[in-house]
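Here the structure comes first, spelled out in structure tokens, and everything after it is commentary.
What follows draws every value from the coordinates through simple rules; no lab data is involved. This structure is a prediction, so every number in the text was calculated from the model and none was measured. Please note: Cβ atoms are built from the backbone with ideal geometry, for glycine as well, and neighbour counts cover all protein chains shown.
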Amino acid sequence: MHDTTALLMELGSVILGLGIIGRFAGRIGLSPIPLYLLAGLAFGEGGLLPLGASEEFTAVGAEIGVILLLLLLGLEYSASELVTSLKTQYPSGAVDFVLNATPGAIAALMLGWGPVGAVALAGVTWISSSGVIAKVLTDLGRLGNRETPVILGVLVIEDLSMAVYLPLLTAMLAGVGLAGGSIALLIALGTVGFVLYLALRHGRLISRAVSSDNPEMLLLVVLGLTVLVAGVAQQLQVSAAVGAFLVGIALSGEVAEGARKLLTPLRDLFAAVFFVFFGLSTNPAEIPPVLLPAALLAIVTVFTKIGTGWYAARRAGIGPRGRWRAGGTLVARGEFSIVIAGLAVATEPRIGPIATAYVLILVIVGPLTARWTQPVVERVQKWRGKDGGAPAPVASGEAVPAAREEVSASTE
């Protein structure tokens with residue numbers, strides 16, 4: 001009884017605190033994500049007032065938060081739009097890998113970590129946080145912006161790349177031979193291909209099977225299916241987040257619209273829990289010794305991610321403002337980076353503190369760069385006597401009017 005009482009009191013305090021923090025962030029026009037993380041640091045291991053009774057529940061809630069963030073993101077787009085995005089964005093994905101994995105690999109080799117450490121830290125610096133970025137896009141009201149499909153295209157390529165990267169990293173860490181690593185890789189690729197095939201060929205049948213006029217039944221079926229698929233995907237060495245995203249794109253029409261309305265409040269609650277849990281799991285005492293190298297690596301990869309987004313948006317015919325918004329939005333790192341560091345820490349323990357500090361910096365800086373990169377660039381260009389805010393000519397085949405970009409910029 002005592003444990004249950006402590007659990008309820010801690011959870012109630014955490015949720016109430018999140019509500020107060022969210023209202024404060026809204027008042028000052030800031031995304032609440034950095035404040036959620038700082039709150040987690042304050043009440044986690046080594047913080048001001050550690051929370052022990054609700055730790056297990058918070059961990060599970062954080063996993064559900066990431067799954068719901070990616071599910072709702074997938075519900076915004078159909079399978080055909082996903083395939084089109086992959087076909088058009090693969091050069092941007094290659095640029096993303098080169099620009100952002102290289103600094104991590106070089107840093108690990110300079111620190112003397114060897115090839116396995118280099119591969120692990122390259123993954124930490126390469127992959128943006130789909131969870132954080134999904135939340136930022138929602139908070140800033142940018143889901144309908146012209147550059148958002150470009151951002152999602154880069155994120156989808158990164159997330160699907162994890163189906164190749166994680167099995168290879170796991171094999172390297174375990175020291176297994178080429179045959180063992182190849183089997184794990186084939187299982188992962190087969191799972192992703194099978195789900196994509198179902199979404200493309202039988203998406204309507206899936207939506208019809210899930211559909212229900214009863215909101216309660218629709219909520220239970222969609223949520224249960226998503227968590228189940230995420231678990232199976234995780235078991236098969238594919239990210240749970242990728243599984244949830246693919247469930248989202250498999251649903252379409254009225255089912256997708258109804259699921260969005262029902263799941264949005266749950267997403268907001270558990271997403272907040274996810275960001276708090278990230279702070280809770282970080283010991284503040286481990287950050288100062290590695291803060292300088294982590295900060296230097298973060299500075300370099302802020303600019304490489306902005307360059308990635310700018311290049312990808314330019315290829316899609318987006319104007320200057322949208323290019324800078326795309327670059328700034330991609331900066332945040334989060335859940336995938338922590339997963340990669342967690343896998344590697346047993347083989348290379350030194351990666352844990354630096355990866356934690358690095359991700360903590362960028363998960364706080366990321367929402368700020370998403371909000372301020374484009375306005376700051378415009379001010380600098382005006383100060384230099386250049387007009388950087390004029391919209392670029394509409395590229396051939398561009399379906400959305402360029403004026404849309406001006407409207408979205410005014411909402412910031």
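Once fully extended, how much extra length lies between Ala174 and Val232, figured as 0.36 nm per residue of separation less the alpha-carbon to alpha-carbon distance? Show your work: numbers first, answer last.
On the way: separation 58, 0.36 × 58 = 20.88 nm, distance 2.19 nm.
Gain in length upon complete extension: 18.7 nm.
Residue separation times 0.36 nm, minus the C-alpha to C-alpha distance between Phe194 and Asp213: what's the value?
3.9 nm is the gain from fully extending Phe194 to Asp213.
Calculate one ³J(HN,Hα) per residue across the stretch 283-299 by plugging θ = phi - 60° into the Karplus curve 6.51 cos²θ - 1.76 cosθ + 1.60, and present them in order as whole Hz with x for glycine and proline.
Per-residue couplings from phi come out as 7, x, 5, 7, 7, x, x, 10, 5, 5, x, 5, 5, 4, 5, 5, 4 Hz.
Take the alpha carbon gyration tensor of the stretch 210-284, find the square roots of its eigenvalues, order them as a ≥ b ≥ c, and report rounded if a/c is under 1.5; if not, report prolate when a/b exceeds b/c, else oblate.
Oblate shape, in that a/c is at least 1.5 and b/c is the bigger or equal ratio.
Counting only Cα atoms, I'd like the Rg/Rh figure for the stretch 99-183, Kirkwood definition for Rh.
Looking at the stretch 99-183, the ratio lands at 1.10.
How far is it, in nm, from the label point at Leu292 to the one at Ser182 when both lie 7 Å from their Cα along the line to the Cβ?
4.7 nm
With +1 assigned to the C-beta of every Lys and Arg and -1 to the C-beta of every Asp and Glu, and no other charges, what is the dipole magnitude of the stretch 184-314 about the Cα centre in debye, to the nearest 20?
It works out to roughly 400 debye.
Can you work out the PRE-style zone for Ala285? Point 7 Å along Cα to Cβ, and I want the residues of the stretch 336-370 with backbone N under 16 Å.
Zone members listed by number: 353.
When the Debye formula is applied to the Cα atoms of the stretch 315-366, each taken as the same point scatterer, what base-10 log of I(q)/I(0) results at q = 0.13, 0.23, 0.25 Å⁻¹?
Log10 of I(q)/I(0), two decimals: -0.43, -0.79, -0.86.
Please compute the alpha carbon radius of gyration of the stretch 210-363, then divide it by the globular-protein estimate 2.2 N^0.38 Å. Two decimals is fine.
Output field value: 1.28.
For the pair Met9/Leu262, report the inter-label distance in nm, with labels modelled 7 Å from Cα in the Cβ direction.
3.7 nm
Taking 0.36 nm per residue of separation and subtracting the Cα-Cα distance, what length does fully extending Leu111 through Arg204 add?
Full extension from Leu111 to Arg204 adds 28.3 nm.
Search the structure for amide H atoms under 5 Å from the amide H of Gly319, placed 1.01 Å from N in the peptide plane, and list their residues when 5 or more places away or on another chain.
Here the answer is Ala392, since their amide H atoms fall under 5 Å of that of Gly319.
Pop out the ³J(HN,Hα) list for the stretch 9-26 in order, Karplus 6.51 cos²θ - 1.76 cosθ + 1.60 with θ = phi - 60°, rounded to Hz; leave Gly and Pro as x.
5, 5, 4, x, 5, 5, 5, 4, x, 4, x, 5, 4, x, 5, 5, 4, x
What's the ranking of 333-339, 211-217 by average number of surrounding C-beta atoms within 10 Å, highest first? Don't jump to the answer; show the numbers that get you there.
Numbers: 333-339: 24.7, 211-217: 11.7.
Listed from highest to lowest mean packing, they are 333-339, 211-217.
With just the Cα atoms defining each centre, how far is the stretch 185-204 from the stretch 289-316? Give it in Å.
Using only Cα atoms, the two centres lie 32 Å from each other.
Could the peptides 105-115, 244-254 be put in order, highest first, of the mean number of other beta-carbon atoms found within 10 Å of their residues? Intermediate values should be presented prior to the final figure.
Values: 105-115: 16.4, 244-254: 24.4.
Highest mean packing first, the order is 244-254, 105-115.
Which whole-Hz ³J(HN,Hα) couplings does the stretch 132-142 yield from phi under the Karplus relation 6.51 cos²θ - 1.76 cosθ + 1.60, θ = phi - 60°, glycine and proline marked x?
Per residue, the Karplus-derived 3J(HN,Hα) values read 5, 5, 4, 5, 5, 4, 5, 4, 8, x, 10 Hz.
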